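The values are calculated or read from the model by the stated rules, or taken from the named source; none is laboratory data. Note that the structure is a prediction, hence the values are computed from the model and not measured. Positions of Cβ are generated from backbone atoms using ideal geometry, with glycine treated the same way; all protein chains shown enter the neighbour counts.
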Amino acid sequence: TAGDLRTTLLSRRDILLNVLVPYIKSFINYLTSLGYNVVFIDEPILGVIVGKRRILFGYREEDIGNVIDELFEGVPGEHGIHVCGRISGRLFRLLSGIKTLNILNFEFHDSPQNFEVIDRRQLEDNNKFLAPGIASSKKPIVEDLSELREIFSKAYRVAGGRVDLVSADCGYGGLRGALGSDIEAYIIGLEKLRRIITVVRELGE
């Protein structure tokens, strides 16, 4: 909730901008020095911060855009962002307009409402690609191939074919402990990935 978030660095703009942003930038620079040419930042609560009608803590859209631009300025290769959970149309439009971003990664299996805010024209006009999450990262069950095909096909259609880097909704840390065995969770995670690859190969031919 907004009240809970007030106890985090998000409410301290001075620390966020002057300490945390340069700290993350140093990691991005380190990754590129190792030869990585596709770099994503993971934003677990940006969907909460940027709502349909307002942005929390007095941030403006340009503040968020400037932070992301600063992180990727001068960084070679492709840049992407993952936003957890449900996103608003306002957030989609904001991220679509950020020049340093190439790929937008959202959840569609556990947050199917996200399909409603994807605007094909926005992707085309801003030369952005959608990276859809099509398998649950929370539920310790392996999806049927038919279910994955349906979600992937819908994402491809909604984005007008501008799709790249298909994945699960999020990382599989949420599966840990769900079955009482980390090994079982690991096996399920691998099978989810295998099926995602199968579907992408099938529909990509």
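Applying the selection to segment 156-165, what residues are on the phi < 0 side of the Ramachandran plot and either buried (at least 20 other Cβ atoms within 10 Å of the Cβ) or not aromatic (Phe, Trp, Tyr) (or both)? Step through it out loud before you land on a result.
To start, the set of residues in segment 156-165 that are on the phi < 0 side of the Ramachandran plot comprises 156-159, 162-164.
Scanning segment 156-165 gives ARG157, VAL158, ALA159, ARG162, VAL163, ASP164.
How many residues does segment 166-187 contain that are crowded, with 18+ Cβ neighbours inside 10 Å, modelled with pLDDT under 95 and among the aliphatic types (A, V, I, L, M)?
Qualifying residue count, segment 166-187: 2.
Every residue, every condition in (1) crowded, with 18+ Cβ neighbours inside 10 Å; (2) touching a Cys at 6+ places or on another chain (Cβ under 6 Å); (3) not aromatic (Phe, Trp, Tyr), yes or no:
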| site | (1), (2), (3) |
| --- | --- |
| GLU70 | no, no, yes |
| GLY97 | no, no, yes |
| ASN114 | yes, no, yes |
| PHE129 | yes, no, no |
| ILE141 | no, no, yes |
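Which pairs do you get when a residue that is farther than 20 Å from VAL83 by Cβ, found in segment 147-174, comes within reach of a residue that is at pLDDT below 95, reach meaning Cβ atoms under 7 angstrom, with the pair 6+ apart or on two chains?
Sorted first by the residue in segment 147-174, then by its partner, the pairs are ARG149/LEU203; SER153/LEU203.
Surrounded by fewer than 17 Cβ atoms within 10 Å (Cβ to Cβ) and in contact with a helix residue (DSSP H, G or I) (Cβ under 9 Å, 6 or more places away or on another chain): is that true of GLY77 in this structure? Spell out how you get there, then give the answer.
Numbers: surrounded by fewer than 17 Cβ atoms within 10 Å (Cβ to Cβ): yes; in contact with a helix residue (DSSP H, G or I) (Cβ under 9 Å, 6 or more places away or on another chain): yes.
The answer is yes for GLY77.
Six or more apart or on different chains, Cβ atoms under 6 Å: show the pairs whose first residue is in segment 178-196 and basic (Lys, Arg) and whose second is surrounded by 14 or more Cβ atoms within 10 Å (Cβ to Cβ) and assigned to a helix (DSSP H, G or I).
Sorted first by the residue in segment 178-196, then by its partner, the pairs are ARG195/LEU148.
Listed here are the residues, each with its yes/no results for (1) in a loop (DSSP other than H, G, I, E, B); (2) at negative phi; (3) more than 19 Å from the chain's Cα centre (by Cα); (4) at pLDDT 95 or above.
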site: ASP110; (1), (2), (3), (4): yes, yes, no, yes
site: ASN114; (1), (2), (3), (4): no, yes, no, yes
site: PRO132; (1), (2), (3), (4): no, yes, no, yes
site: ALA135; (1), (2), (3), (4): yes, yes, no, yes
site: ARG149; (1), (2), (3), (4): no, yes, yes, yes
site: LYS154; (1), (2), (3), (4): no, yes, no, yes
site: LEU193; (1), (2), (3), (4): no, yes, no, yes
site: THR198; (1), (2), (3), (4): no, yes, yes, yes
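Name the residue that is nearest to ARG12 (Cα to Cα), counting only residues in segment 54-84 that are part of a loop (DSSP other than H, G, I, E, B) and free of Cβ contacts under 8 Å to residues at least 12 places away in the same chain. Walk me through it before giving the result.
So the first thing to find is which residues in segment 54-84 are part of a loop (DSSP other than H, G, I, E, B), and the list is 54, 59-60, 73-77, 84.
Filter again for free of Cβ contacts under 8 Å to residues at least 12 places away in the same chain, leaving 54, 60, 74.
Working: ARG54: 18, ARG60: 15, GLY74: 26 Å.
Among residues in segment 54-84 that are part of a loop (DSSP other than H, G, I, E, B) and free of Cβ contacts under 8 Å to residues at least 12 places away in the same chain, the one nearest to ARG12 (Cα to Cα) is ARG60.
Go through segment 93-107 and give me each residue that's under 23 Å from GLY77 (Cβ atoms) and in a helix (DSSP H, G or I). Let's see the steps before the verdict.
Step one: of segment 93-107, the residues under 23 Å from GLY77 (Cβ atoms) are 94-106.
Answer for segment 93-107, where residues must be under 23 Å from GLY77 (Cβ atoms) and in a helix (DSSP H, G or I): LEU94, LEU95, SER96.
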